[in-house]
Amino acid sequence: MSDWVPHPRYGAKPRITGFDPDPDAPDVQLHYNVNFFTERQKADMLRYVGHVPEPRANQRHIPGTAIAADPSKQQPATLPVTHYYDIEKRCIECDRLFLFFAEEQKHWYEELGFKLDSDCVRCSPCRKIDRERKRDAQRPRT
Ligand SMILES: [Zn+2]
């Protein structure tokens, strides 16, 4: 069992739903952050996007955490996806493990309008620091 940097909204451990959609089912298209492609998904990616994305290093999906997506609300930089998983990642700032939650992805890709290929690379506290740094950089100096 890993220790993950807590997220103020989503918590500190994977949100188990007990749901693992069959990646081979014709109506299932997982986000490529899950890092596995069935042959059908590879063929679809090639046909519609023109390439198969490289697996992302230093991350894995947590089995049993899938939730349903709403493809009609997504900005499809890749193929629209039908499900999200909690993804374990390593923060590029502090090198700790954190979770990019399925619910968080739904929020990013369906409410905030982020494209499906935008990735979360920092844990929640480092993201907050990063946001403040960017805000300070924009503030005029007096
Ligand atoms: Zn961090």
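Residues considered: 42, 73. Of these, the only one that is open to solvent by 50 Å² or more (accessible area, probe 1.4 Å), out of contact with any helix residue (DSSP H, G or I) (no Cβ under 7 Å at 6 or more places or on another chain) and away from the ligand (no atom under 16 Å from the Cβ) is 42. Of the residues 56, 60, which single one is surrounded by fewer than 19 Cβ atoms within 10 Å (Cβ to Cβ), within 14 Å of the chain's Cα centre (by Cα) and touching a residue at least 60 places away in the same chain (Cβ under 8 Å)? Exactly one of 56, 60 is surrounded by fewer than 19 Cβ atoms within 10 Å (Cβ to Cβ), within 14 Å of the chain's Cα centre (by Cα) and touching a residue at least 60 places away in the same chain (Cβ under 8 Å), namely 56. For residue 7, state whether it is within 16 Å of the ligand (Cβ to nearest atom) and surrounded by 14 or more Cβ atoms within 10 Å (Cβ to Cβ). Yes; evaluated as a whole, the condition is true for this residue. Screening the stretch 110-123 for residues that are open to solvent by less than 30 Å² (accessible area, probe 1.4 Å) and touching an Asp or Glu at 6+ places or on another chain (Cβ under 9 Å) and picking the one that is nearest to residue 72 (Cα to Cα) gives 110.
Mind checking which residues of the stretch 124-142 are open to solvent by 50 Å² or more (accessible area, probe 1.4 Å), within 16 Å of the ligand (Cβ to nearest atom) and free of Cβ contacts under 8 Å to residues at least 24 places away in the same chain? Correct list: 128, 131, 132, 133, 134.
Of the residues making up the stretch 83-90, none is within 14 Å of the ligand (Cβ to nearest atom) and in contact with a His (Cβ under 7 Å, 6 or more places away or on another chain). Output the residue which, of all residues in the stretch 79-102 that are open to solvent by 50 Å² or more (accessible area, probe 1.4 Å) and farther than 18 Å from residue 60 by Cβ, is farthest from the chain's Cα centre (by Cα). Selected residue: 93. Among the residues of the stretch 91-118, the one identified as within 16 Å of the ligand (Cβ to nearest atom) and on the phi > 0 side of the Ramachandran plot is 95.
The values are calculated or read from the model by the stated rules, or taken from the named source; none is laboratory data. What you are looking at is a predicted structure, and each value in this text was computed from that prediction instead of being measured. Because the Cβ atoms are built from the backbone with ideal geometry, glycine has one as well, and the counts that use them run over all protein chains shown. Surface areas here come from the heavy atoms of the whole protein model, side chains and all, with no ligands, DNA or RNA. Shrake-Rupley method; radii C 1.70, N 1.55, O 1.52, S 1.80 Å.
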